[in-house]
Amino acid sequence: MDKCYIGIDLGGTSMKLGIVDENGKLLDKLEKPTRGEEGAETGLARMAEHARELAEMSGQPWSRVAGLGIGLPGFLDIERGEIIRLTNIPWERVPVRTVLEAKLGVPVVIDNDANVAALGEAWSGAGTGIGDIVCITLGTGVGGGVIVDGRLVHGVSGMAGEIGHICMEENGALCGCGKRGCVETIASATGMMRLVKEGLAAGRQSLLHQPAQQGELNTRTLFAAAEQQDVLALEVIDRATDALGRLMAILSVVNNPAAFIVGGGVSRAGERLFTPLRQSYAQHALAAAARGVQILPAQLGNDAGMIGAAALTVRREH
Ligand SMILES: [Zn+2]
């Protein structure tokens, strides 16, 4: 009998649930509000209820569900399957695995959201068939997931993959982590918008004054302005891709991945991002370490989290 797996991607506003087959193919999915303010007990009960609802929706008897994985935003004790503290959801010290295993009778594994997105891409996205990859998620922050020989790397305190906090500029802008000049302060959507606003405030001529006045300053309008050869927009993108290229050059001599997979909202800019990124990487990387290394756009989009969460329990069996 074929097994299937359920993955849940829990975010501040919604929980996405997906059911996948043994090859990581998404069979069905469901999206529900998180309602974190109602507390963890209610939240976990709803997750269990929606997981059963999803299995039923996709015509799978519960006995066929072989595991449930959850991607969570925040600090976790992955070994124990516990939440320490989450970002944007007020849950603390929650024994997720114990509670859900009791409710559902299947193995439950948790991991952080950037790691599960990486695992999703590795299993059935852009990294399919590639054992060593680093995933970089460019959104409001810069997230990462490191996969070596097909397995997620966690490190001694679970911080492996927190690549957004590699320092790029001494005395640079203050980062959310408390340090200065992290990659995230330059290359995340938030970081790029900060650089644009600084340029505009300094009186630079730019097509971006208008979207700024209309409250439409975002990475989409930034890349559109760059397309029009707007000098400020080109400079901001150049600074971001330069920082990312240097970051990837560093990673190439640490674990030498065969591919970097770049996803997140900013990656929707497509070649307008990837062309300068590949150039920056080629410029900064040690030639021997960069040979044959691919820089690929993520393929699974918003589904990566739930597919990767489901993969957490698949890998556990081997
Ligand atoms: Zn930082």
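Structural remarks
- Look at where the Cα atoms of the range 2-31 and of the range 40-70 average out, and the two centres are 9 Å apart.
- Inter-centroid distance (Cα atoms) of the range 152-221 relative to the range 83-134, Å: 26
- Probing with 1.4 Å while keeping every protein chain in the model, the per residue accessible area of the range 128-299 equals 49 Å².
- The angle between the Cα long axis of helix 40-57 and the main principal axis of the chain comes to about 80°, on a 0 to 90 degree scale.
- Chain lengthening between Cys177 and Ser63 when straightened (0.36 nm per residue, less Cα-Cα): 36.7 nm
- Once the Cα atoms are used to define both axes, helix 231-252 deviates from the longest principal axis of the chain by about 50 degrees.
- Against the main long axis of the alpha-carbon atoms of the chain, helix 113-124 sits at an angle near 80°.
- Global geometry of the chain, whether rounded, prolate or oblate, following the gyration tensor of its Cα atoms and the 1.5 cut on a/c: prolate
- Among the protein heavy atoms of the range 128-299, carbon and sulfur supply 51% of the accessible surface, probe 1.4 Å, non-protein parts ignored.
- By DSSP, the beta bridges lying fully in the chain are antiparallel in about 60 percent of cases.
- Range in the chain, longest, excluding exposed GluC sites (Glu not before Pro) [loop by DSSP; at most 13 other beta-carbon atoms within 10 Å]: 217-316
- Size of charge dipole - the range 8-158 - debye, nearest 20, with Cβ of Lys, Arg +1 and Asp, Glu -1, no other charges: 140
- Full-stretch length increase - Ala287, Asp149 - with 0.36 nm per residue and alpha-carbon distance subtracted: 47.4 nm
- Here is the list for the range 272-306: trypsin sites (Lys or Arg not before Pro) lying in DSSP coil, each with at most 13 other C-beta atoms within 10 angstrom of its C-beta, are Arg291.
- Positive contributions from Lys and Arg (+1) and negative ones from Asp and Glu (-1), summed over other residues with Cβ under 11 Å from the Cβ of Leu138, come out at 0.
- Cα-Cα over 27 Å, subset of Lys16/Lys103; Lys32/Lys179; Lys3/Lys29: Lys32/Lys179
The values are calculated or read from the model by the stated rules, or taken from the named source; none is laboratory data. As the structure is a computational prediction, the values presented were derived from the model and not from experiment. Every residue, glycine as well, gets a Cβ built from its backbone with ideal geometry; the counts of neighbours run over all protein chains shown. Calculation scope for accessible area: heavy atoms of the full protein, side chains included, ligands and nucleic acids excluded. Shrake-Rupley method; radii C 1.70, N 1.55, O 1.52, S 1.80 Å.
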